[in-house]
Amino acid sequence: MSASFWSDVTIIVPFRLASERFPNKALSLFHGKTLVEHAIDNAERFSPRKIVLTAPEEDLEVSAQKLKLEPGRVTFLPTPHTCASATERVVALHSELDGDLFLSLPIDEPAIVPSQMCDAIANINAFDGAGVITFYCDFFAKEDYLSSLSAKVVTDRKGMMIYMSRGIVPARKDGSVDQGALKKNVGAFLFRRAFIEKLEAETGTPTMLDRHEGLEQLRWLELGLSIKCFKVKHIGFGIDVPEQIQMLEERLRC
């Protein structure tokens, strides 16, 4: 992807310190750096127009004191405690930001390789009529796809998402699994403004599949919105619980 494309993208790094499964995750150390610092480093590799760190106001204050980032490196914008997901934080602050393109970069995927994402997308036409792009990779190990913490993606022939699940999909009729047919979601999402505005208009709309699986992407699909998926090479996983810090560090050392 050309540098000019990414110079029009605002990268948003959403987080909160009061996570139930992993309190203070964003400030936990991974290979000697906090996860939020890894996310900022990865964001800078895209050469975007702007990098925004967003969380509840007191979380931003704690983070700013601990990180001591160089002035101007990132913009701090608070979002409410009531935001239940990273995307809800993007929705909450998008009206304060210029531009049409917003990349929500996860705090818990330090092994993401930005060049892989850039190489996967040629230009704005990559959206192919969808309002958001996400990424997937092959599963590195059996324990990854057996975990309900790993979201699996099913796409059509054009790469449009059909379904996402914490369960193992697709599975054969006899219940067996072909690991080569599985696609692991890599939790970065490139939004167009119109998509975010549609989500804002549907705020609070409950959907059955989202409630059932606990995946907001299913809510988007149930609302009739399209999600384009691109494959990248990635051996990491999202860090959802404390013990996964060491697991991922050991994997990357191999």
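The values are calculated or read from the model by the stated rules, or taken from the named source; none is laboratory data. Predicted, not measured: the structure shown is a model, and the values here were computed from it. The accessibility values were calculated without ligands, DNA or RNA, using every heavy atom of the protein model including side chains. Shrake-Rupley method; radii C 1.70, N 1.55, O 1.52, S 1.80 Å.
So the values come out like this:
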{"item": "Placed amide H near residue 103: partners under 5 Å, 5+ positions off or other chain", "result": "10, 11, 12, 191"}
{"item": "The stretch 134-187: C-alpha pair distances exceeding 15 Å, %", "result": "41"}
{"item": "Relative intensity, log₁₀ I(q)/I(0), of the stretch 3-136 from a Debye sum that treats every alpha carbon as a point, q = 0.16, 0.18, 0.19 Å⁻¹", "result": "-0.82, -1.04, -1.16"}
{"item": "Highest-fluctuation residue, 211, 16, 193 considered, GNM on the chain with Cα pairs under 10 Å", "result": "211"}
{"item": "Value of [θ]222 nm, deg cm²/dmol, for the chain, DSSP H segments ≥ 4, -39500 (n - 2.57) each, nearest 500", "result": "-8000 deg cm²/dmol"}
{"item": "Shape box of the stretch 125-254 [Cα atoms, principal axes, largest first, Å]", "result": "44, 35, 31"}
{"item": "Karplus (6.51, -1.76, 1.60) ³J(HN,Hα), θ = phi - 60°, over the stretch 45-61, in Hz, Gly and Pro reported as x", "result": "5, 7, 6, x, 6, 6, 10, 10, 9, 10, 6, x, 4, 5, 5, 5, 5"}
{"item": "Length-normalised contact order of the stretch 1-96 in % [C-alpha pairs under 8 Å, at least 6 apart]", "result": "29"}
{"item": "Mean separation of Cα contacts under 8 Å, 6 or more apart, over the residue count of the chain: relative contact order %", "result": "23"}
{"item": "For the stretch 72-86, 3J(HN,Hα) per residue [Karplus equation, 6.51 cos²θ - 1.76 cosθ + 1.60, θ = phi - 60°, Hz, x = Gly/Pro]", "result": "x, 5, 9, 9, 9, 10, x, 10, x, 4, 6, 5, 8, 8, 4"}
{"item": "Cubic angstrom per residue, convex hull over Cα atoms of the chain", "result": "130"}
{"item": "Rounded accessible area per residue of the chain, 1.4 Å, Å²", "result": "47"}
{"item": "³J(HN,Hα), Karplus 6.51/-1.76/1.60, whole Hz, each residue of the stretch 161-177, x for Gly, Pro", "result": "5, 9, 7, 9, 8, 7, x, 8, 9, x, 10, 6, 4, 8, x, 6, 10"}
{"item": "Rounded to 5, percent antiparallel among DSSP beta bridges of the chain", "result": "50"}
{"item": "For residue 227, residues with placed amide H under 5 Å, excluding near neighbours", "result": "161"}
{"item": "The chain: most fluctuating residue of 129, 167, 187 per GNM, C-alpha cutoff 10 Å", "result": "129"}
{"item": "Calculated log₁₀ intensity ratio I(q)/I(0) where the Debye formula runs over C-alpha points of the stretch 84-193, q = 0.14, 0.23 Å⁻¹", "result": "-0.65, -1.44"}
{"item": "Spatially near lysine pairs across the stretch 1-101, Cα under 16 Å, sequence gap of 8 or more or different chains", "result": "4"}
{"item": "Inter-part distance where the stretch 118-159 and the stretch 166-233 are each reduced to a Cα centre, Å", "result": "9"}
{"item": "Most mobile of 160, 117, 208 in a GNM of the chain (Cα contacts under 10 Å)", "result": "208"}
{"item": "Residues of type aspartates and glutamates that residue 231 reaches as a straight line, Cα spacing below 20 Å, ignoring anything fewer than 8 places off in the same chain", "result": "108, 109, 119, 128, 138, 144, 156, 178"}
{"item": "Mean separation of Cα contacts under 8 Å (6+ apart) over length of the stretch 25-169, as relative contact order %", "result": "19"}
{"item": "With every protein chain in place, the chain: carbon and sulfur % of accessible area (1.4 Å)", "result": "50"}
{"item": "Whether the stretch 25-87 is rounded, prolate or oblate, judged on the alpha carbon gyration tensor where a/c under 1.5 counts as rounded", "result": "rounded"}
